[in-house]
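Report on one structure; see the data block that follows.
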Amino acid sequence: MTDYSPGSFGCHEALHMASVAADLVDTTLVQHPAVAAEPEWLALAEAAHKALFDLYQAIGAKHLAD
């Protein structure tokens, strides 16, 4: 598991992909007119974006601390 522990390239890859996924959810769902027009869908898309952003922050906190 050392190839994926905080401070490793593998962990950095997970950090990067969390950022990519959060950006993808934001640009393709949160900002999509069909989603924005439906409050329930928008709330779900925003929750998904927040969860991915929180994951990015959590990975970054450990990865960059080492």
- prompt: Carbon and sulfur atoms: what percent of the 1.4 Å accessible area of the stretch 6-55 do they account for?
  reply: 69
- prompt: Any idea what the dipole of the chain comes to, in debye rounded to 20, about its Cα centre with Lys/Arg Cβ at +1 and Asp/Glu Cβ at -1?
  reply: 120
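State in Å² the accessible area per residue of the chain; use a 1.4 Å probe, count heavy atoms of protein chains only, and round to the nearest integer.
Counting only protein heavy atoms, the per-residue value for the chain is 71 Å².
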- request: Before rounding to the nearest 500, sum -39500 (n - 2.57) across all DSSP H runs of length at least 4 in the chain and divide by the residue total; then give [θ] at 222 nm in deg cm²/dmol.
  value: -24000 deg cm²/dmol
task: Could you work out how far apart the two model spin labels at E13 and Q31 are, taking each label as a point 7 Å from the Cα in the direction of the beta carbon, and quote it in nm?
output: 2.8
query: Which is farthest toward the positive dipole end of the chain among V25, A47, C11, measuring Cα position about the Cα centre, with Cβ charges +1 (Lys, Arg) and -1 (Asp, Glu)?
result: C11
message: Restricting the calculation to Cα positions, tell me the Rg (one decimal) and the Dmax (whole number) of the chain in Å.
response: 14.4, 45
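The values are calculated or read from the model by the stated rules, or taken from the named source; none is laboratory data. What you see is a predicted model, and the numbers here were worked out from it, not measured in a lab. Please note: Cβ atoms are built from the backbone with ideal geometry, for glycine as well, and neighbour counts cover all protein chains shown. Protein only, heavy atoms only, side chains kept; ligands, DNA and RNA dropped before computing areas. Shrake-Rupley method; radii C 1.70, N 1.55, O 1.52, S 1.80 Å.
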